[in-house]
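Novice: Take a look at this one; I'll ask things after.
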Amino acid sequence: MGRVSDERLAALGGTLDRLTAEIRRRAPHARVFLVDYLTILPPDDRDTGALPADVAAWGRDVAARLAAETRAAAARAGFDHIAASEASREHHAWAPSPWTRQFHYSLRGGAPYHPNLPGMQAVADLLTARALIN
């Protein structure tokens with residue numbers, strides 16, 4: 001579970017740098033926003049149902065690393081960064097008002113561990129608020 005994700009995360013900075021360079025090449029005057037992912041897992045060790053505690057801990061680590069890489073890539077490229085992960089910390093999938101979904105076997109209502117409508121509306125609000133600045 002960890003080796004492949006560690007290798008991919010280790011390569012992520014370079015991948016994001018290539019991506020941001022290509023965006024800048026194609027749209028040199030664009031204002032670009034890199035948005036990290038909404039929080040899915042609770043920030044503590046609370047029960048996550050069928051998701052084993054060790055998998056939840058691994059998921060929290062991966063999420064933190066993704067958020068850090070996204071923030072760093074935005075800074076290196078001179079792009080704006082939207083920390084959806086921070087804004088959604090209290091809206092994880094097990095929260096009273098979640099912005100992401102818990103695991104379920106059906107795709108009815110959206111894919112598991114993905115944003116729901118309130119989560120996407122919150123990200124749109126974050127983007128709108130930041131875009132209105134400057």
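The values are calculated or read from the model by the stated rules, or taken from the named source; none is laboratory data. On a predicted model such as this, the values are computed, not experimentally measured, just so you know. We place every Cβ from the backbone using ideal geometry, glycine too, and count neighbours over all the protein chains shown.
Novice: Where residues in region 54-86 are buried (at least 18 other Cβ atoms within 10 Å of the Cβ) and touching a Gly at 6+ places or on another chain (Cβ under 7 Å), which of them is nearest to R25 (Cα to Cα)?
Specialist: Here the residue is A73.
Novice: Test each condition in (1) surrounded by 12 or more Cβ atoms within 10 Å (Cβ to Cβ); (2) under 22 Å from G119 (Cα atoms); (3) hydroxyl-bearing (S, T, Y) for S97 and report the one that comes out false.
Specialist: The single condition S97 does not satisfy is (1).
Novice: Which of (1) touching a helix residue (DSSP H, G or I) at 6+ places or on another chain (Cβ under 6 Å); (2) assigned to a helix (DSSP H, G or I); (3) at pLDDT below 95; (4) β-branched (V, I, T) is the odd one out, the single condition T20 does not satisfy?
Specialist: Going through (1) touching a helix residue (DSSP H, G or I) at 6+ places or on another chain (Cβ under 6 Å); (2) assigned to a helix (DSSP H, G or I); (3) at pLDDT below 95; (4) β-branched (V, I, T) one by one, T20 breaks only (3).
Novice: A follow-up question, please. Regarding region 88-105, can at least one residue be identified that is of a type outside the set (S, T, N, Q), touching a residue at least 60 places away in the same chain (Cβ under 8 Å) and in contact with a helix residue (DSSP H, G or I) (Cβ under 8 Å, 6 or more places away or on another chain)?
Specialist: Keep residues of region 88-105 that are of a type outside the set (S, T, N, Q), which gives 89-96, 98-99, 101, 103-105.
Next, from what is left, pick out any that are touching a residue at least 60 places away in the same chain (Cβ under 8 Å): 99.
Of the ones still in play, those that are also in contact with a helix residue (DSSP H, G or I) (Cβ under 8 Å, 6 or more places away or on another chain) are 99.
Yes: one or more hits.
Novice: Could I ask something else about it? How many residues does region 35-53 hold that are at pLDDT below 90 and either in a loop (DSSP other than H, G, I, E, B) or exposed (fewer than 11 other Cβ atoms within 10 Å of the Cβ) (or both)? Even if it seems obvious, please write down each step before you answer.
Specialist: At the first step, the residues of region 35-53 found to be at pLDDT below 90 are 43-53.
Remaining after also requiring either in a loop (DSSP other than H, G, I, E, B) or exposed (fewer than 11 other Cβ atoms within 10 Å of the Cβ) (or both): 43-52.
Total satisfying the criteria: 10.
Novice: Yes or no: S5 among the hydroxyl-bearing types (S, T, Y), assigned to a helix (DSSP H, G or I), at pLDDT below 90 and over 27 Å from I133 (Cα atoms)? Before you say what the answer is, go through the steps one by one.
Specialist: Details: among the hydroxyl-bearing types (S, T, Y): yes; assigned to a helix (DSSP H, G or I): yes; at pLDDT below 90: yes; over 27 Å from I133 (Cα atoms): yes.
Yes; evaluated as a whole, the condition is true for this residue.
Novice: If you check A63 against the conditions, is it farther than 18 Å from E7 by Cα and part of a helix (DSSP H, G or I)? First the steps, then the outcome.
Specialist: Numbers: farther than 18 Å from E7 by Cα: no; part of a helix (DSSP H, G or I): yes.
Answer is no for this residue.
Novice: So is R3 among the basic types (K, R), out of contact with any Leu (no Cβ under 6 Å at 6 or more places or on another chain), without any contact (Cβ under 8 Å) to a residue 60 or more places away in the chain and over 21 Å from L127 (Cβ atoms) or not?
Specialist: Details: among the basic types (K, R): yes; out of contact with any Leu (no Cβ under 6 Å at 6 or more places or on another chain): yes; without any contact (Cβ under 8 Å) to a residue 60 or more places away in the chain: yes; over 21 Å from L127 (Cβ atoms): yes.
Yes, satisfied.
Novice: Could I ask something else about it? Can you pull out every residue in region 71-115 that is part of a loop (DSSP other than H, G, I, E, B), farther than 19 Å from P43 by Cα, of a type outside the set (A, V, I, L, M, F, W, C) and at pLDDT 95 or above?
Specialist: Just the residues of region 71-115 that are part of a loop (DSSP other than H, G, I, E, B), to begin with: 78-79, 83, 88, 92-99, 101-114.
Then drop every residue that is not farther than 19 Å from P43 by Cα, which leaves 78-79, 104-111.
Going one step further and asking which of them are of a type outside the set (A, V, I, L, M, F, W, C), we end up with 78, 104-106, 108-110.
G78, the sole residue that qualifies.
Novice: When you check R24 against the structure, is it touching a residue at least 24 places away in the same chain (Cβ under 8 Å) and among the charged types (D, E, K, R), yes or no?
Specialist: Values: touching a residue at least 24 places away in the same chain (Cβ under 8 Å): yes; among the charged types (D, E, K, R): yes.
Yes.
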